[in-house]
Amino acid sequence: MAAMEAAADAMLAAASRAFCSSVAVFFQIQGCCICLLLAFGWAVASLVRKKEIRKMRRKMASGHSFAFLCDDVDELEHSVQQKLPMVSVVMPLKGFGEHNLQNWRTQITSLYGGPLEFLFVVESKDDPAYRAVSRLIVEYKDKLDAKVVVAGFSTTCSQKIHNQLIGVEKMHKDSKYVLFLDDDVRLHPGTVGALTKEMEKNPEIFIQTGYPLDLPSGSLGSYCIYEYHMPCSIGFATGGRTFFLWGGCMMMHADDFRQDLYGLVTALKNGGYSDDMTLAAIAGQHKRLITSPPVAVFPHPLASDLSFSRYWNYLRKQTFVLESYVSKVNWIMNRALFGVHFYLSWGFVCPYVMALVHIATTLRAPYSAIVKEAAESSCGLKLVSFLLICTLTELVSMWNLTRVEIQLCNMLSPEGPQDSLRSYNWGLVFVAVLVDNFLYPISAIRSHFSQSINWSGIRYYLRDGKISKIERENSSKYTDLGGKHLYGKRTYPAGKSLLGYLSISLAQWHQPKKYDV
């Protein structure tokens, strides 16, 4: 026993000395710099969101009660509303879960004053979403133009892309813009109007996008997903031009799809796996503008039963995206993203592993001469202290951005459910930061060598960056982050939306026509 203890002390002392070498110190300082870089990015992003909050408050103080809908109250005049272009909202659906009904209500009760149609697209009538959304449409049949479209099964691309393209084919001929939404997006009443206004103001915009604010349910898996999305939120909080694109909210010119501009329909249909990565690659190749308005941040409630295994499947899907591409340049960019994210993820985690060794060395030093000698000759505690300061700075900055975005979302949806920062467990956030960054490279490696993924009961196989084979499996019980049941019935309450009053008020200014698919 004594020999084993002595051997363990010797290994601890050797590790402590090794982690104080110049190379080890470099990696520990690098990890601290990554923390500070993230903290700086989140601080800048919070300033962009805060600017929008201050602007809304000034408008409201001056008597503009509908500042959450538009900047200028004159835009709500009937004469202005009459001139708004038609927008087709295309929503690919899959399954039905605990947050879907609430999300769909926020989408169809949009306070956009122009002609607006909603196309809910399912793969078949057997999908539980078909019955649920059909009942919702019947409930609102006199207040909106909405219909369910059955797309059939995809054979050459992902089911989501297939549903989106079928929705585009069925949209009205007068639609000027098409807005793609995921069914787990909680929309604000003024979102469609804000996106359309920007498109009208700047016709050079190719795609407008937004980004979700995850509302963790309490499980480690939900916090890992929250942590995964937070670094990406920096790129979406520019208040304008961005290189990032999120498939959960994309507004584009309808004619771009009718004319197959740049071959985007062809690229999506023939082997497309990821809608946003494909379109972002096309936008980059042709130097087209992608923007993200500061108000385009959406509450994203995560499933209450989101297990760690489902988080892992989600992470696998995200890393698998980097294996799909539409051109050689796109492949190079994906490989660069793969390498950079791989390096930074483990570069972030490594200092914490070394810090554990330094702390263990300090705690063991009073009981072992060899460990005490190593502790006295090392700079371990100084490195641990620096890492602690950087970590706290990062977490405070993440907390601040989350607080600001929650405040902005509450202001943009004054009649909706008000979210709170009090539900966040920051101890779990810290654990999730380490777990997610440790697992990302593992997931990326597995995605690279497997070239296949099971998502929502469908297994996709890639070859040369495109889907080459599709197998449908009924073994999957759940689909994405909303906790939706794929092969079971779910009932839901038929309560009215809290936005009903405002919806009816706006309908008095403009009554959209009914169109048939």
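Pairing residues of region 228-239 that are on the phi > 0 side of the Ramachandran plot with residues that are of a type outside the set (Lys, Arg), at Cβ distances under 6 Å and at least 6 apart in sequence or on separate chains, gives Gly239/Val48; Gly239/Pro294.
Close contacts from region 122-146, counting a first residue that is at pLDDT below 90 and a second that is of a type outside the set (A, V, I, L, M, F, W, C) and in a helix (DSSP H, G or I), with Cβ to Cβ under 7 Å and a gap of 6+ residues or different chains, come to Lys143/Ser503. Among the criteria (1) modelled with pLDDT under 95; (2) more than 19 Å from Gln159 (Cα to Cα); (3) surrounded by fewer than 24 Cβ atoms within 10 Å (Cβ to Cβ), the one Leu306 does not fulfil is (3).
Filtered by the rule that a residue be in contact with a strand residue (DSSP E or B) (Cβ under 9 Å, 6 or more places away or on another chain) and among the β-branched types (Val, Ile, Thr), region 129-172 gives Val133, Ile137, Val148, Val149, Val150, Thr155, Thr156, Ile161, Ile166, Val168. Tell me yes or no: at least one residue of region 385-407 is in contact with a Phe, Trp or Tyr (Cβ under 8 Å, 6 or more places away or on another chain), in a helix (DSSP H, G or I), open to solvent by less than 60 Å² (accessible area, probe 1.4 Å) and farther than 27 Å from His300 by Cα. Looking through region 385-407, at least one residue is in contact with a Phe, Trp or Tyr (Cβ under 8 Å, 6 or more places away or on another chain), in a helix (DSSP H, G or I), open to solvent by less than 60 Å² (accessible area, probe 1.4 Å) and farther than 27 Å from His300 by Cα. Against the test of being at pLDDT 95 or above and of a type in the set (Gly, Ala, Ser), the options Ala365, Ala432 yield a single qualifying residue, Ala432.
Residue-by-condition table, conditions (1) within 24 Å of the chain's Cα centre (by Cα); (2) surrounded by fewer than 19 Cβ atoms within 10 Å (Cβ to Cβ); (3) not in a strand (DSSP E or B):
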residue	(1), (2), (3)
Leu111	yes, no, yes
Phe120	yes, no, no
Lys125	no, yes, yes
Tyr130	no, yes, yes
Ile137	no, yes, yes
Lys141	no, yes, yes
Ala146	no, no, no
Ile161	yes, no, yes
Leu165	yes, no, yes
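Comparison of Arg459, Arg446 shows that the only residue that is at pLDDT 55 or above, open to solvent by 20 Å² or more (accessible area, probe 1.4 Å), charged (D, E, K, R) and within 30 Å of Gly347 (Cα to Cα) is Arg446. Considering region 394-431 alone, what residues qualify as being among the basic types (Lys, Arg) and either touching a helix residue (DSSP H, G or I) at 6+ places or on another chain (Cβ under 6 Å) or over 30 Å from Tyr352 (Cα atoms) (or both)? Arg403 - this is the single residue of region 394-431 that is among the basic types (Lys, Arg) and either touching a helix residue (DSSP H, G or I) at 6+ places or on another chain (Cβ under 6 Å) or over 30 Å from Tyr352 (Cα atoms) (or both).
Condition check ((1) among the hydrophobic types (A, V, I, L, M, F, W, C); (2) open to solvent by 10 Å² or more (accessible area, probe 1.4 Å); (3) under 23 Å from Thr319 (Cβ atoms)) across all residues:
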{"position": "Asp255", "(1), (2), (3)": "no, yes, no"}
{"position": "Asp260", "(1), (2), (3)": "no, yes, no"}
{"position": "Gly271", "(1), (2), (3)": "no, no, yes"}
{"position": "Ala283", "(1), (2), (3)": "yes, no, yes"}
{"position": "Lys287", "(1), (2), (3)": "no, yes, no"}
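Taken as a whole, region 72-87 holds at least one residue that is assigned to a helix (DSSP H, G or I), closer than 21 Å to Thr191 by Cβ and open to solvent by less than 20 Å² (accessible area, probe 1.4 Å).
Please go through region 418-430 and give me each residue that is open to solvent by less than 60 Å² (accessible area, probe 1.4 Å), out of contact with any Pro (no Cβ under 7 Å at 6 or more places or on another chain) and in contact (Cβ under 8 Å) with a residue 24 or more places away in the chain, ordered by number. Selection gives Leu428, Val429. Taking every residue in region 300-312 that is closer than 10 Å to His99 by Cα and pairing it with any residue that is in a strand (DSSP E or B) and open to solvent by less than 40 Å² (accessible area, probe 1.4 Å), at least 6 positions away or on another chain, the pairs with Cβ-Cβ distances below 7 Å are His300/Pro212; His300/Leu213; His300/Asp214; His300/Leu215; Pro301/Leu215; Leu302/Asp214; Leu302/Leu215.
The values are calculated or read from the model by the stated rules, or taken from the named source; none is laboratory data. Keep in mind it's a predicted model, so treat the numbers as computed, not measured. For neighbour counting, all protein chains shown are included, and Cβ atoms are generated from backbone atoms with ideal geometry for every residue, glycine included. For accessibility, only protein heavy atoms count, side chains too; no ligands or nucleic acids. Shrake-Rupley method; radii C 1.70, N 1.55, O 1.52, S 1.80 Å.
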